[in-house]
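> This structure is in structure tokens; I'll ask about it shortly.
The values are calculated or read from the model by the stated rules, or taken from the named source; none is laboratory data. Model, not experiment: these values are computed from the prediction. In this analysis, Cβ positions are derived from the backbone assuming ideal geometry, glycine residues included, and neighbour counts consider all displayed protein chains. Side chains included, ligands, DNA and RNA excluded: accessible areas come from the protein's heavy atoms. Shrake-Rupley method; radii C 1.70, N 1.55, O 1.52, S 1.80 Å.
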Amino acid sequence: VNASTTKDVAPDQAQITINIETSDKLLQKASDDNKIIADKVYSSLKAILNIEKGDYIKTSNYSANPIYVYSKENKRVFDKYVVSNNVIVKTKNTEIVAKLVDTAIASGATNVNNLQFLVADYDAACSDILAQLTKRTYSQATSIANSINSKITGIKSISSTCNPENNQRPYYSMMAKSSSDSTSVTPIESGKIKIYATIDASFYVK
């Protein structure tokens, strides 16, 4: 007997990747500009996050690379240096996600992407679903056995799967808002995360 079901679970965490990118002919200038913006982004986001409850912000990647272009003579020519600082922000308060996005952009972030809503304890949610499915498969097996004047005498095997949907929700934005948009709030809804579960069970009958 096999059974499957889905369950909608409200996310209780959110994770966002924020990028700060600067460029200049001089590497030192590009790096200094990046640091100024990054410091502003860090401080403005930390003012919103609840660090004591597990929220955090960290640098996930930092790179400084020369960029080359091709001239009319098809020669490879140095153009500029690009410095990129990728920052990961994680919070246990999904209600402040829009504010985090708007604040990062207003502080000079180049773009915001890889927005993910997460459930902290998937195992607990899966345990509840699988327990219900196991009872359902046993009930179905019992009904089938009774219909042929037999009865369940034991369990031969049970296998299960439980997986959340792919809940990554990309979000991209321009570098900054115009002053006329300073009071607007980016509409972001966490929605629900769907968890898929299946049980395959074999029973002994006589």
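> So how many residues does the range 88-119 have that are of a type in the set (Asp, Glu) and either within 15 Å of the chain's Cα centre (by Cα) or under 20 Å from Gly54 (Cα atoms) (or both)?
Of all residues in the range 88-119, those of a type in the set (Asp, Glu) come to 95, 102.
Now restrict to residues that are either within 15 Å of the chain's Cα centre (by Cα) or under 20 Å from Gly54 (Cα atoms) (or both): 95.
Residues in the range 88-119 being of a type in the set (Asp, Glu) and either within 15 Å of the chain's Cα centre (by Cα) or under 20 Å from Gly54 (Cα atoms) (or both): 1 in total.
> Hey, another quick one. Would you point out the residue of the range 26-37, among those that are among the hydrophobic types (A, V, I, L, M, F, W, C) and in a helix (DSSP H, G or I), that is surrounded by the fewest Cβ atoms within 10 Å (Cβ to Cβ)? Walk me through it before giving the result.
Looking only at the range 26-37, we keep the residues that are among the hydrophobic types (A, V, I, L, M, F, W, C), and these are 26-27, 30, 36-37.
Adding the requirement that they be in a helix (DSSP H, G or I) leaves 27, 30, 36-37.
Values: Leu27: 15, Ala30: 21, Ile36: 13, Ile37: 18.
Applying the filter and picking the extreme gives Ile36.
> When the residues of the range 1-37 are filtered to those that are in contact with an Asp or Glu (Cβ under 6 Å, 6 or more places away or on another chain) and at pLDDT 95 or above, which remaining residue is farthest from Tyr196 (Cα to Cα)? Talk me through it step by step, then tell me what you get.
Within the range 1-37, the subset in contact with an Asp or Glu (Cβ under 6 Å, 6 or more places away or on another chain) is 2, 22, 30.
Filter again for at pLDDT 95 or above, leaving 22, 30.
On the way: Thr22: 43, Ala30: 47 Å.
Top of the filtered list is Ala30.
> Can you pull out the residues in the range 88-124 that are free of Cβ contacts under 8 Å to residues at least 40 places away in the same chain and among the charged types (D, E, K, R)?
Answer for the range 88-124, where residues must be free of Cβ contacts under 8 Å to residues at least 40 places away in the same chain and among the charged types (D, E, K, R): Glu95, Asp121, Asp123.
> Taking the range 161-191 as the region of interest, how many residues are farther than 24 Å from Asn93 by Cα and either among the β-branched types (Val, Ile, Thr) or modelled with pLDDT of 95 or more (or both)?
Total satisfying the criteria: 1.
> Ok, one more. Looking only at strands (runs of 3 or more DSSP E) that fall completely inside the range 38-147, which ones have 3 or more residues that are open to solvent by 40 Å² or more (accessible area, probe 1.4 Å) and modelled with pLDDT of 95 or more?
Numbers: elements: 56-70, 76-91, 111-118.
Here the list reads 56-70, 76-91.
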